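Remarks on the structure that follows.
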Amino acid sequence: MTRKVKIATIGGDSSYTPELMEGFIKRYAELPIGEIWLVDVEAGDCRKNGAGGMFKAFRTIPVILEIVADMKRLCPDAWLINFTNPSGMVTEAVLSYGQWEKVIGLCNVPVVAKMGEAETLGVPQTDLIYKFAGVNHFHWHKVADKKGQDLTPQLIDKLYEENSGLPKNIFDVPFYREQLQQMNMIPCGYHRYYYRAEEMLKHGLTEYATEGTHAQQVKVIEHELFELYKDPDLDYKPKQLEQRGGAYYSDAACETIASIYANKNTEIVVSTRNNGAVPDLPADCAVEVTAYVGGAGARNVAFGPLPTAERGWLQMMKSMELLTIEAAITGDYGTALQAFISNPLVPSGETATRVMHELLIAHKAYLPQFADTIARLEKEGITIKDEVVRKM
């Protein structure tokens, strides 16, 4: 008798859910699903990058760990397939604090990159061999042909002529060509926020003045998507889903689930325990790497040491992640401050500290672990003065 799979989707009223259902339907013959449960709450939100992204972690990680505690009690053989952002930090928290090994974190950025780059090189994606290494939203990769010949230099040249394979929610400021040639790797699209910080900040401020924050733009797109979803005759994937920045997330999740169920050993870029794949980081921390996913989970492809500049960036970012996770769990003010100071997207100083204080107050309904700190700040007369903070 075929073993039926039960799927519980936490966040089931997401605009990604129709694509998730599409992914399961596509795999109907290989993934026999008996039940799908869609679970959600009325309140919803969206955050990304910098200070806003760190507060997303403060809010999300304690909830995820509660879900893990429930899984230990109710379904100890289940897998947690996560694409809740910040995906890498969530995976790290589940591994380190949740003590739950059956977790895989996903991101659509590698999927979009591989699709775009195959088109740029003019070859089928199946004819390319990819190796990714880093952490979620902060990785690099190399590409070779089926004979193992390095195509990365050729791809770098073509990226300055063709489609860069960026998610639609990333403003396309070009990387410095000489920098990519020196590292002989392709950076994640989000590296623009670090390698071209001045230009990305200028663009972000212009967007804020004309179109609103990214969160406000996403709310508009979400509204459009749900209006389209009301039509029972809708028979195509709306373009807004790609503009939302999350296209192929759900399909990646479905493929991961199918690969575990059927022991397919499919090559997927995932967040998982390092186990030496990236020797520049501790073996027990979470990394985002190329892996073969099967019945036992993810088996990582070793990338090897990173060049000097990239090694330094990666170690700094992992330090920031670990501090953010610790602060999310403990509610310790000093640890949160250290995380803020460590994040290169949050220039340290009086302004950053004020933004952190205002964000703590703005999010107080969702941050019980920081209750004592928030009460102290309010007693000191701290209020939300920054209009950007109100909208983060």
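The values are calculated or read from the model by the stated rules, or taken from the named source; none is laboratory data. Since the model is a prediction, treat every value here as computed from it, not as a measurement. Note that each Cβ is placed from the backbone with ideal geometry, even for glycine, and that neighbours are counted across all protein chains shown. Note: areas computed on protein heavy atoms with side chains; ligands, DNA, RNA excluded. Shrake-Rupley method; radii C 1.70, N 1.55, O 1.52, S 1.80 Å.
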In sequence order, what are the phi-derived ³J(HN,Hα) couplings for the stretch 194-207 according to the Karplus relation 6.51 cos²θ - 1.76 cosθ + 1.60 with θ = phi - 60°, rounded to whole Hz, with x for glycine and proline?
10, 6, 10, 4, 4, 5, 5, 5, 4, 5, x, 5, 5, 4
Can you tell which of Val270, Val220, Val289 shows the greatest fluctuation in a Gaussian network model of the chain with Cα springs below 10 Å?
Val220
Amide H within-cut-off set for Thr266, under 5 Å, with H built and near neighbours excluded
Val293
May I ask you to evaluate 6.51 cos²θ - 1.76 cosθ + 1.60, the Karplus curve with θ = phi - 60°, for each residue of the stretch 253-267 and list the ³J(HN,Hα) values in order in whole Hz, giving x for glycine and proline?
5, 4, 5, 5, 4, 5, 5, 5, 4, 9, 6, 6, 6, 7, 6
For Tyr194 the rounded accessible area (nearest 10 Å², probe 1.4 Å, non-protein molecules ignored) is 40
Fully extended, how many nm does the chain gain between Lys102 and Ile10 (0.36 nm per residue separation, minus their Cα-Cα distance)?
31.5 nm
Centroid-to-centroid separation of the stretch 260-321 and the stretch 191-243 [C-alpha atoms, Å]:
29
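222 nm [θ] for the chain, helices only, -39500 (n - 2.57) per DSSP H run of 4+, per residue, to 500?
Details: 16 runs with 186 residues, N = 392.
Mean residue ellipticity, 222 nm, calculated: -14500 deg cm²/dmol.
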Let me make sure I get this right: for the stretch 110-251, a, b and c are the square roots of the gyration tensor eigenvalues over alpha carbons, sorted descending. Under 1.5 in a/c it's rounded, otherwise prolate if a/b > b/c, else oblate. Which is it?
oblate
Based on the Cβ-Cβ distance of Ala209 and Arg354, what FRET efficiency does E = 1/(1 + (r/R0)^6) give at R0 = 22 Å, to the nearest 0.05?
0.60
Karplus-derived HN-Hα couplings along the stretch 376-384 (A = 6.51, B = -1.76, C = 1.60, θ = phi - 60°), whole Hz, x at Gly and Pro:
5, 4, 5, 5, 7, x, 6, 10, 7
What does the C-alpha gyration tensor say about the overall shape of the stretch 216-369? Classify as rounded when a/c is under 1.5, otherwise prolate if a/b is larger than b/c, or oblate.
oblate
Length added when fully stretched, Ala262-Ile341, from 0.36 nm per residue minus Cα-Cα:
24.0 nm
Pulled fully out, how much extra length does the chain show between Asp235 and Val41, if you take 0.36 nm times their separation in residues and subtract their Cα-Cα distance?
67.1 nm
Long-range amide H partners of Ala8 with built H, under 5 Å
Trp37
Spelling it out for Thr84: with amide H atoms placed in the peptide plane at 1.01 Å from N, the residues 5 or more places away or on another chain with amide H under 5 Å from its amide H are none
May I ask you to derive the FRET efficiency for Gln154 and Glu199 from their Cβ-Cβ distance with R0 = 22 Å, giving the value to the nearest 0.05?
0.25
Would you mind getting me the FRET efficiency between Glu380 and Asp70? Use the beta-carbon distance for r and R0 = 45 Å, nearest 0.05.
0.75
When every protein chain stays in place and a 1.4 Å probe is rolled, Lys219, Lys131, Lys114 sorted by accessible area with the largest first are Lys219, Lys131, Lys114
